[in-house]
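Heads up, the thing below is written out as structure tokens.
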Amino acid sequence: MSETIILEKVNRVAVLTLNRPKALNALNAELLECLMQHVSELSNDPDTGCIVITGSEKAFAAGADIKEMSDMSYIDMVMPDHFGRHNAIENCRLPIIAAVSGYALGGGCELAMMCDFILAADTAQFGQPEITLAIIPGIGGTQRLTRAIGKAKAMEMILTGRLMDAEEAERAGLAARIIPADELMAETMMVAEKIAGFSRPSVYAAKESIKRSFEVSLAEGLHYEQRVFYPLFATEDQKEGMAAFMEKRKPKFKHK
Ligand code: DAK
């Protein structure tokens, strides 16, 4: 049986490739379980500094597996710990980049939005077409899409099921950048390697602080930022980073 998730490690970057290409990487229970398991493990791996989640050329993921879900009852849906599973991504301390080529629809778009940022191939198409199936987004689409692109666009996309191309997604703030499809992985790896090369405590602090801004008032967020800023001066890496700058050399971070 083929693996639904392929894990590859390149230096300090872990790449998780969704691997159900014939079903456009539809997210079935097995794939999700496997993805979340990998993310939980990588989150605590000292040799990994950044995670990339990607799919195939045609699809990042075309949504939750409709064939698997179609006959499910309310109890079938509500009893498993779906939310806890997805929290492996939400709770991961390492940065996670979604490298999106082709379709990122429904749960696929939600998965991309759970990641810390999206690098989109020029072929990427984003959408929350759940309304066409008489359901709604259920793993964050109504919340994260609205925060990313604003109420008007989120309402229009979710209520009509319309897809958004890469250019519109970048303009609207959903994707960080557009990259030609044939360069997507090479460019994503460069970005991921760069992040993975920085001092891990400062990467954690930056990610946590930005995520906090979604949860709290500006005053509380600024206070939180200060609380995570000062302890960085207790790290060896801060001394090394600043010494390297003054000595005009590359820093050698030890992640402590
Ligand atoms: N599920 C299962 N199979 C899918 C699929 C999906 N979401 N998307 C595509 N496939 C399969 C197709 O059935 C087809 O399989 P075969 O017929 O060859 O066996 C194969 O992938 C190729 O697809 P197409 O032949 O349709 O390819 P096209 O290029 O013509 O069209 C398309 C590509 C992406 C436009 C089309 O496949 C499509 O519209 N797909 C469905 C997109 C969609 O509606 N996505 C939203 C799914 S609902 C939950 C929270 C959230 C959710 C679930 C649970 N809980 C809290 C528990 C999320 C729900 C969703 O995401």
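Net charge around residue 117, counting only other residues with Cβ within less than 14 Å of its Cβ (Lys, Arg = +1; Asp, Glu = -1)?
Values: positive: 144, 147, 177, 194, 207, 211; negative: 116, 170, 187.
Neighbour charge sum, excluding residue 117 itself: +3.
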Of every Cα-Cα pair in the chain, the percentage lying beyond 23 Å is 54 percent
Surpassing 21 Å at the alpha-carbon level, of the pairs 194/254; 9/194; 22/153; 207/254, are 22/153
Taking 202, 217, 101 and counting other beta carbon atoms within 10 angstrom, the fewest-first order is 217, 202, 101
So, relative contact order of the stretch 124-256 in percent, Cα under 8 Å, 6 or more apart, is 19 percent
For the stretch 1-124, the Cα-Cα pair-distance distribution in 10 Å bins from 0, as whole percents, is 13, 47, 32, 7, 0
Given Cβ charges of +1 for Lys and Arg and -1 for Asp and Glu, the option among 88, 49, 164 whose Cα lies farthest towards the positive end of the dipole of the stretch 42-193 is 164
Note: residue 122 to residue 227 extended length (0.36 nm per residue) minus current alpha-carbon separation gives 33.9 nm
Per the charge dipole of the chain (beta-carbon charges, Lys/Arg positive, Asp/Glu negative, Cα centre), the residue among 132, 245, 231 reaching farthest to the positive end is 245
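Would you tally the net charge around residue 166, using a Cβ to Cβ cut-off of less than 10 Å, leaving residue 166 out, and scoring K and R as +1, D and E as -1? List each step's numbers first, then the result.
Values: positive: 171, 177; negative: 122, 165, 167, 168, 170.
Residues near residue 166 contribute -3 overall.
Every read-out reported here was derived from the displayed coordinates using simple, explicitly stated rules and does not represent laboratory data. All of these numbers come straight from a predicted model, not from anything done at the bench. Using ideal geometry, Cβ is built from the backbone for each residue, glycine included, and neighbour counts are taken over all protein chains shown.
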